[in-house]
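Only the coordinates and a few stated rules stand behind these numbers; no lab work does. Small disclaimer: the values here were computed from a predicted structure and weren't measured. FYI the Cβ positions are ideal-geometry reconstructions off the backbone, even for glycines, and counts take in every protein chain you see.
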Amino acid sequence: MSIIGILGSGRVATGLANKLAGAGHDVLVGTRNVDALNWTGTPVTITDYESAARRAQIVINATPGDGAVDRLGALSAALDGKILIDVSNSHNPSGSEHSLAELLQAALPATRIVKTLNTMFFTVMTDPHSLRVPPTAFLSGNDDSAKAVVTALLTDLDWPAEWIEDLGDLGTARGTEALMLLVPSLIRNRGFAPFALTIAA
Ligand SMILES: NC(=O)c1ccc[n+]([C@@H]2O[C@H](COP(=O)([O-])OP(=O)(O)OC[C@H]3O[C@@H](n4cnc5c(N)ncnc54)[C@H](OP(=O)(O)O)[C@@H]3O)[C@@H](O)[C@H]2O)c1
């Protein structure tokens, strides 16, 4: 079992924290408002971002993609030597020739970043069997050993190995992050309902 720090306390963070704590991991939820956060789920430790990053072995970025480079860059010392799982999306993915994950990696050279779970509605991240069609969990990362650790965590989130697709290095996250160009149209057509990108073959 691992010590997992989750940055943010919104929909994605809450779902991942509850599921990972339920699987036996020691979960630290990092928030900007330690005193104001009213946590009612599976017991976790509530702390600030720096403490969650510093005390954890694996850190999950569940904060907005917009501003993430500055927000996480400020935590570079605490994130030194850690695996950072980035599930965030920017609202303007076409605004850069690099993926957000690549920009985070450049800001955090001593951290091994793995991008995953950013191509689905938040409920699917922790309940992949809830859709009628099997979803895909894409992986992008420069370090194979970090991707192996993240694959094991996905197993704890109930992802079968055959639903996990390792795309390659962090440059491949440009593809998965571009899904944000489609999301507003999907929500307009289908409402705020669970969906995920999948590979039909
Ligand atoms: N919702 C989805 O279905 C979904 C799917 C795929 C990917 N994602 C990505 O996952 C990340 C989290 O999404 P979410 O739906 O959980 O969002 P959310 O409910 O709005 O939560 C985001 C959390 O980030 C923290 N935060 C830090 N700086 C912030 C800022 N400037 N503005 C707002 N929040 C800030 C807040 O936690 P504290 O107040 O505790 O600091 C907030 O609760 C985003 O990058 C999103 O693109 C979401």
Sequence-distant aspartates and glutamates (8 or more away, or on other chains) whose Cα lies within less than 15 Å of LYS19 = ASP127, ASP156, ASP158
remark   = In a Gaussian network model of the chain with springs linking alpha carbons closer than 10 Å, the residue among THR123, THR40, THR136 that fluctuates most is THR40
Radius of gyration, Dmax [the range 117-188; alpha carbons; angstrom] = 12.6, 39
request  = Show which aspartates and glutamates lie in cross-link reach of LYS115 when reach means a straight Cα distance below 15 angstrom and same-chain residues fewer than eight apart are skipped.
outcome  = ASP86, GLU102, ASP143, ASP144, GLU165, ASP166, ASP169, GLU177
query = Which residue, chosen from VAL149, GLY5, LEU181, occupies the Cα position most advanced towards the positive end of the dipole of the chain, where the dipole is computed from +1 (Lys, Arg) and -1 (Asp, Glu) charges on Cβ about the Cα centre?
reply = LEU181
task = Filter the DSSP H helices in the chain by two things, a Kyte-Doolittle mean of at least 0.5 and an axial alpha-carbon span of 15 angstrom or more, and list the hits by number.
result = 144-156
query = Which value at 222 nm does the chain reach when only helices count, each DSSP H run of 4 or more adding -39,500 (n - 2.57), with the total divided by all residues and rounded to the nearest 500 deg cm²/dmol?
reply = -8500 deg cm²/dmol
query = Over all distinct alpha-carbon pairs, what is the Kirkwood Rh of the range 1-97 in angstrom?
reply = 13.5 Å
note = Computed on Cα atoms only, the convex hull of the chain has an orientation-averaged projected area in nm² of 10.8 nm²
